[in-house]
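Below is one structure; the comments refer to it alone.
Values in this text are rule-based calculations from the coordinates and carry no lab data. Just so we're clear, the structure is a prediction, and the values are computed from it rather than from any experiment. All Cβ positions, even for glycine, are placed from backbone atoms using ideal geometry, and neighbour counts span all protein chains on display.
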Amino acid sequence: MSNLIEVKNVSLKSRTSTRIENINITINIGDHIALLGKSSAGKTTLLNIINGSLRPTTGEVILYGKDISECSNKTKQKIGSLWQDLRLVEELTVGQNINCGALGRRSVGWAIANLFGQIDYHECAQCLSAVGLSNNIINSNVEKLSSGEKKRVAIARLLRQECDLIVADEPLSNLDPTLITTILKILLGEQHDHSLSIAPTSIISLHRPELIDKFNRVIGLKEGNIVIDSDTKNASKIEISKLYC
Amino acid sequence: MLKPLRKINISKVILTILPIITIIPVFIQCVNGLHIGGINTLINFILSAFQPSLDKNVIESSWIGLQITLCFAIISWVISITVGLVLAIFSSNSLNEIIGVPEIITNIIRRILTLPRATHELIWGLLFLQIFGLAPWIAIVAIVIPHSALIARVISDQIDKLDLKSLISLKYITPSKMQVLITALLPKLIPILATYGSYRLECAIRGATLLGIFGLGGIGTEMQLSILSLKFNEMWTSIWILFFAIYLFEKALKYLQNPRFYFQNIGIFSLIYLLFLVIALATSIFWLNVVGINLFAALNIHLFNISNSTNMLIAITSLPWFKLIFETILLMLLASGIAIGLPPILLMIFQARYSGKILSIFWIFCRLIPPPLTTILLLLCTNPSISVGALALGIQNMGVLGRLLKQNIDNQNTSYFDVIKSTGTNSQLAWLYGKMSHQSNSYLSYSLYRTDVILRETIAVGAVGGVGLGWQLRESLSSFAMEEVLLITATFISISLIGEMVSEKLQKRLLKKQGYDEVQI
């Protein structure tokens, strides 16, 4: 398997605290990584460093063989992020938000046309149906949706982005069990609509150790350090439970 | 051993009402100065409101005056909204990372904008009048300069308060900054433009009317000529015409401000807004031509000799600086007290639906008559004093603050009020506790901003009312003492900047700014 991203000796420290320290991870194409650790273990920080939104104080992140800070935006957009707070544009409709995922491949004129309403209806509808939402909400304002629906709209935007790597920060929090299974299947590419390009690789932070069987790799963080990095099959349940002690 | 002093903790609701005590010295001074016939003049003025002149010539000249004022206001509004918006984007602290403007440029723009912002449109108008003579475009430029800077400042502050996380997230999806701004910023800017942008049109109308009083044409000139010749019924013809125009504008703009309208389709709303600006600009320029005003007339420049250091030194020593500055600040404090303290009291007393409507109309009238005209009117009844200017300035700004407070209270959830009312509390107290207490923070914060505006407006009232730097500026301009004009302008700008700084600091204390958990790139 070839390298997609390499995190080399990465630390993020402030004057008063250390968020993560000397992290080394290599993410290969096809990896589906469950990132575990209790609150404030450094999961969000690590994910933000991987997607390029935070700059580490030391170390480097190599994306497709190049330091991520030197990568063109075109390359960086191959990483799709699902933020904990979703970051949808609340003032726009569901369809317009989903289309935001395609901005990187489209022109400014297309972006203006998107503000006028229905555009690329078929593609938006496909992404919506992939996340189990009805096409009827395509013209609804995002701010009127429930939090579960918003989360699925954010995932639909991710699908429209056609990225190579999904970096998702606690996408399963505050969801009912049925929705958890659905969303996990989408993020891991198991619920595959062949007309959609779903990222073959993902790193997903979660607080549900019982779900790690769905992944092929598990990384455990404790107080900013990696304490587990192994195949799911070889991961010791005792070590995983120690993450939360 | 001395006991430590207990910290006095005044509730913010009381702080909104407390400034009204300034009305006591103002009232006493105005009543003491009343001269024979003063009350009759005032009664005459009030009665004339019900008997405006219906003479064909008066109506015609008021109507033409209104068209000129509206055209001046609309042209300057469109230009200042456009310029202000661009400057706001480039001077916003949150956006500089996203659009790639170096922080130093952002800071330079912000600093440069403080100067035109601190200089009242009347100062620009009077200065341009001296340099270029009477030309119609002077009113427009005099409004555009401070208004653009003010719009830039307010919108950039609003942008900085926005949650821009969606904007940051789009930055990782597309390399095009323009796409990010169009998709994520524009939908957030539309509500600001719809509300604040429309409010600025009203400010532009007020500015154009005010400049008219100082000879730049339009309905302001008509009003001033009528009041000086004591033809109150003719003046009321102009006031009523202006009232109906502003009322219609308010109604039309309320439609534009409705979130249902702009959130239905952000793209179409943006297009309509843009088209509205272009059409309004083109129509106003064309209409000015129709009423015989040529905006593009050739320039006549009168250059002044400014100045050798001896003349400058004479100017510094000859003017009573302490008195001028003191009067200006006192004028601002007294006017602010009236403007801030009266609206909550009136709203507390008059709560019934019909009296609320009457108050809304009353606010419009307060805003309608420019303070210099109110000053002239009051001077017909009482002796010149700081109180006269303070009352005039306070009344107009009370109209602005009153409208805003009423709007916010009308849009507020009434459940708190109902809970307090259900305990058997009387309506006035229930209003204070259940309604006003939830608005007191934002009301005080806006009042502080308004105090800053009042300080800038002291120049116009002072020029007519014979007090402070405004009066001295007018005197020095009429005697062509340009060294004095320069020094007075510089002093006034400095006071305005200090006032702005103090008001900003106090506002920040009142409203804690929400920050991000972490600084993201």
Within the protein assembly as shown: Cβ-based charge dipole about Cα centre, in debye rounded to nearest 20 (Lys, Arg +1; Asp, Glu -1): 1280 debye
Ellipticity estimate at 222 nm from DSSP helix runs (n ≥ 4, -39,500 (n - 2.57)) divided over chain A, nearest 500: -8000 deg cm²/dmol
Per principal axis, descending, Cα span of segment A:6-64 in whole Å: 37, 24, 18
Pairwise FRET efficiency - residue B:261 versus residue B:39, Cβ, R0 = 51 Å, nearest 0.05: 0.60
Antiparallel bridge percentage (DSSP; both residues within the protein assembly as shown; nearest 5): 55 percent
Least to most buried among B:63, B:431, B:236, B:77 (fewest other Cβ within 10 Å first): B:63, B:431, B:236, B:77
Rg and Dmax of segment B:90-158, Cα atoms only, in Å: 14.7, 45
Rotationally averaged projected area of chain B (alpha carbon convex hull; nm²): 31.3 nm²
Cβ-based exposure ranking for A:82, B:18, in which fewest neighbours within 10 Å come first: B:18, A:82
Expected 222 nm ellipticity per residue - DSSP helices of 4 or more, -39500 (n - 2.57), all of chain B, to 500: -24500 deg cm²/dmol
Neighbour-count ranking [beta-carbon atoms within 10 angstrom, fewest first] of A:153, B:26: B:26, A:153
Segment B:397-482 - convex hull of the alpha-carbon atoms, volume per residue in Å³: 102 Å³
Values of log10 I(q)/I(0), in the order q = 0.17, 0.19 Å⁻¹, for segment A:35-146 under a Debye, Cα-only, solvent-free model: -0.97, -1.07
For segment B:291-437, alpha-carbon Rg over 2.2 N^0.38 Å: 1.58
Values of log10 I(q)/I(0), in the order q = 0.19 Å⁻¹, for segment A:46-104 under a Debye, Cα-only, solvent-free model: -0.78
For segment B:202-265, the fraction of alpha-carbon pairs in successive 10 Å shells from zero, as %: 21, 39, 22, 13, 5, 0
Segment B:233-291 versus segment B:53-132: alpha-carbon centroid distance in Å: 17 Å
Fraction of alpha-carbon pairs over 32 Å apart in chain A - percent: 21 percent
Kirkwood-based shape ratio for segment B:52-296, expressed as Rg/Rh from alpha carbons: 1.04
Environment charge of residue A:203, counting only residues whose C-beta is closer than 11 Å and scoring Lys/Arg +1, Asp/Glu -1: 0
Spatially near lysine pairs across segment B:52-296, Cα under 26 Å, sequence gap of 8 or more or different chains: 11
Inter-part distance where segment A:186-235 and segment B:144-168 are each reduced to a Cα centre, Å: 42 Å
Per-bin percent of Cα-Cα distances, segment A:173-245 [10 Å]: 16, 46, 31, 7, 0
For residue A:32, distant residues with modelled amide H under 5 Å away: A:202, A:216, A:217
Stokes-Einstein diffusion coefficient of segment B:348-398, Kirkwood radius over Cα pairs, 20 °C, 1.002 mPa s, in µm²/s: 180 µm²/s
Interchain or long-range residues, amide H under 5 Å from residue A:223's placed H: none
Cubic angstrom per residue, convex hull over Cα atoms of the protein assembly as shown: 240 Å³
